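Inspection log for the structure reproduced underneath, given as structure tokens.
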Amino acid sequence: SANLRCKSGDSRDPHVSPIVASPLALAMSCFGASGLAVLLSLVLTASPALGLTSHVEPTFDEAAAKDRPVSRVVALLRDMLKQLEEEADKDEEVYDKLACWCETSDKEKTQSISDADARITELSGKIEEMTAKSASLAVQIKNHEKEVVESQEALQKATALREKQTAEFKAEEKDLLESISALKIAILVLSKHHSDSLMQMPRNHILTVAATLERGLIRHASLLKGVLTHSERRAAALFVQDPTDYFDAAPTFQQSYAPQSGEIFGILKQMKETFEENLSAAQKQELADQAEFVNLKTAKEEVIAAGQSQVKAKTSELADTDVKNAQSKADREDTKDTLSADKQFLMTLKEKCQMTDWEWEERQKTRKAEMAAVSKALEVLSGDDVRELFERTFNPVLLQRG
């Protein structure tokens, strides 16, 4: 379409004569005489249906008036104006859609950026929290493992000590039982001959009693310490040294200092009672030690089981925390990438939309100028002065076709 702009402003004085302000004067001011003539000439030469002859009919003909060159120019300008208006409507429709898209995209991306910033802040907080939690769980697991190891070692030591104590008790118990049994026999042997003459006691019986006494004195010396008096120990030593001479019918020099047989009998009974008391005390102590060990073992096993359970639970929790922490870190990196892309998109969007607005405004200005020029031309060409000017300026004979 023709780009028609009216460059001169309306700076006329309001009192200027009507002739200067006529439509013809306006046409001349907009196009100039030569410009108007060229425009009309182009319309006339481009129309094959002008039907001009070598003379002009002086009478008014309505049909002929419609075929006048000025009328055709007016029709052409009206078509141009209509086309410009249609283009303006379509352009405005497209621009409205584009402007709506720009506005919507701007809001969406701005909100997306805000959400991403908030998400990154949230994830950073979670990462910091889970990192601290992971470190704490690792320390807790290490402490529980240390407690389990210490409890296991303590239980192993207690078990080894208990086994040693049990073995010592069983050996002591066996020894005491054997000594008590031998003493019972010796006492029984002496008791049978205590009322009669001891000289009638068989030699092997005397030797058995002496051997029992000697073995008891040697094997359980610590138990008998403080139990037997000095005289009892001396009598026992003399009897063990020569048991047969101790009960000889014909007294010797040694026998004159020997204790009575009842003293040996009393020594054996006292030894038996001492061994029985010690056996009973040892058995009671063994029962107490065993009960204490069972309690200790139960407590340690409970501590070990609880510690192992804690290690298992904390290890599982640590693994879950580390997985979530890794996911949060990956999510944060993805969110940062998305945020960067959204910021770049929004920056590009603003630039393009600003350029679109500027181009739209420029097109609006250009189109308004074109429409104003066409409208002004229509206003001018529709006046009677133009037809008179045309009749004076253009000779139809010159345009007659051969």
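The values are calculated or read from the model by the stated rules, or taken from the named source; none is laboratory data. In this text the structure is predicted, and so the values were computed from the model without any measurement. Here the Cβ positions follow ideal geometry from the backbone for every residue, glycine too, while neighbour counts run over all protein chains shown. When the accessible area is computed, the model is the full protein with side chains, heavy atoms only, and any ligands, DNA or RNA have been set aside. Shrake-Rupley method; radii C 1.70, N 1.55, O 1.52, S 1.80 Å.
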May I ask you to say which residue of Lys97, Lys126, Lys90, Lys109 is of a type in the set (Lys, Arg) and either open to solvent by less than 60 Å² (accessible area, probe 1.4 Å) or at pLDDT below 90 (or both)?
Lys109
Pick from Val397, Val323: which is among the hydrophobic types (A, V, I, L, M, F, W, C), surrounded by fewer than 14 Cβ atoms within 10 Å (Cβ to Cβ) and modelled with pLDDT of 95 or more?
Val323
If Val148 satisfies all but one of (1) surrounded by 14 or more Cβ atoms within 10 Å (Cβ to Cβ); (2) under 26 Å from Gln327 (Cα atoms), what's the number of the condition it fails?
(2)
Extreme residue, modelled with the lowest pLDDT, among residues of segment 243-285 that are assigned to a loop (DSSP other than H, G, I, E, B) and open to solvent by less than 70 Å² (accessible area, probe 1.4 Å):
Ala258
Scan segment 147-157 and give yes if some residue there is more than 35 Å from the chain's Cα centre (by Cα), closer than 25 Å to Glu277 by Cα, assigned to a helix (DSSP H, G or I) and not charged (D, E, K, R), otherwise no.
no
Counted residues in segment 336-389 being open to solvent by 30 Å² or more (accessible area, probe 1.4 Å), modelled with pLDDT under 80, assigned to a helix (DSSP H, G or I) and not basic (Lys, Arg) come to 4
Among the residues of segment 177-184, is there at least one that is within 30 Å of the chain's Cα centre (by Cα) and more than 30 Å from Asp337 (Cβ to Cβ)?
no
Odd one out for Lys170 among (1) over 60 Å from the mean Cα position of the chain (by Cα); (2) over 30 Å from Glu263 (Cα atoms); (3) open to solvent by less than 50 Å² (accessible area, probe 1.4 Å)
(3)
Name the single residue that is most open to solvent (accessible area, probe 1.4 Å) among those in segment 129-145 being in contact (Cβ under 8 Å) with a residue 60 or more places away in the chain and within 23 Å of Asp334 (Cβ to Cβ).
Lys133
I'd like to know if segment 198-212 contains one or more residues that are hydroxyl-bearing (Ser, Thr, Tyr), closer than 30 Å to Gln156 by Cβ and either at pLDDT 85 or above or in a helix (DSSP H, G or I) (or both).
no
